[in-house]
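Working notes for the structure below.
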Amino acid sequence: MGGAELSPAPLPRSFFDRPSHEVAPDLLGRVLVHGPVAVRLTEVEAYGGPGEDPAAHTYRGRTPRNAVMFGPPGHLYVYFTYGMHFCANLVCLPEGSGSAVLLRAGEVLDGVDVARVRRSSRGKPPPDRDLARGPARLAVALGLAREHNGLDAVLEGSPAGRPHGSAAVLEGRPPAPGLVKAGPRTGISTAKEVPWRFWIDGDPTVSPYRAHVPRRRSAAATSVGEAPSS
DNA sequence: CTCTAGATCCACT
DNA sequence: GTGGATCTAGAGG
């Protein structure tokens with residue numbers, strides 16, 4: 001592992017057995033490990049359960065896509081969005097509840113070489129601070145995609161080594177309480193006022209806030225059969 | 001740094 | 001059919 005001060009102790013499942021908005025700030029500074037890559041989390045967002053959080057994927061109840069969030073805590077909910085990106089969450093609360101924490105950004109502590117290759121476009125890697133700066137980028141850096149949906153991120157049993165292909169959340173190095181900031185969540189169109197985005201103040205790997213921008217379909221796709229406007 | 005537009009799949013209504 | 005829990009490249013300051 002990279003940082004000498006980092007505790008390699010895995011977090012127990014009970015860590016996740018709380019509401020997502022309590023787990024979320026506590027995840028800052030923790031380290032998610034998957035294969036050769038380790039990322040220290042610097043920005044997360046909490047999403048609530050059915051009927052209580054209009055921005056959550058579980059708002060309208062259980063579906064095939066969000067089923068993992070209704071499973072036991074500590075597992076990864078990985079979903080596909082915008083036709084090309086994956087984002088990773090950690091499931092909270094006991095089985096049946098349906099809430100999670102979106103992992104929005106972090107600092108790559110280990111496996112930087114692997115992360116650079118995964119994040120390279122046209123052979124050029126981005127600056128190191130951008131390797132996991134944003135939820136889809138973080139998923140790429142960690143090698144998380146569709147097949148990791150449902151993967152258990154809690155290590156039970158053997159303390160030293162992780163089984164091949166497993167994931168784990170380590171104790172890491174939580175920030176001083178004063179450095180934890182909270183604000184509205186990014187990129188959502190409802191419940192914009194809920195301050196369930198948490199980040200480490202001043203950390204360069206925290207993603208820039210982006211307000212939701214409704215995407216318009218291409219003119220060609222929407223104007224079929226329409227008269228010319230002028 | 002900001003702004004804009006395009007890419008591209010799929011879950012759900 | 002609609003609208004994303006997004007990112008990148010390119011143009012402009």
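The values are calculated or read from the model by the stated rules, or taken from the named source; none is laboratory data. Remember, predicted model here, so these are calculated numbers, not experimental data. Cβ sites come from the backbone with ideal geometry, for glycine too, and all protein chains shown count toward neighbours. Ligands, DNA and RNA are stripped out before the accessible areas are found, and what is left, the full protein with its side chains, is counted by its heavy atoms. Shrake-Rupley method; radii C 1.70, N 1.55, O 1.52, S 1.80 Å.
Here are the numbers for the structure shown:
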quantity	calculated
Chain A: DSSP helices with Cα axial extent of at least 15 Å and average Kyte-Doolittle hydropathy no lower than 1.6	none
FRET efficiency estimate (nearest 0.05) - Cβ-Cβ, A:Thr81 to A:Val117, R0 22 angstrom	0.40
Rg(Cα)/(2.2 N^0.38 Å) for region A:7-222, N = residue count	0.98
Residue among A:Thr58, A:Thr205, A:Thr81 with the largest mean-square fluctuation in a Gaussian network model of chain A, springs linking Cα atoms under 10 Å	A:Thr81
Probe 1.4 Å - accessible area at A:Val140, Å² to nearest ten	60
Relative contact order for chain A, counting Cα pairs under 8 Å that sit 6 or more residues apart, in percent	26
Förster-model FRET efficiency, 22 Å R0, A:Glu147 and A:Thr63, C-beta, rounded to 0.05	0.70
Extension gain, A:Glu95 back to A:Glu171 (0.36 nm per residue minus Cα-Cα distance, nm)	25.0 nm
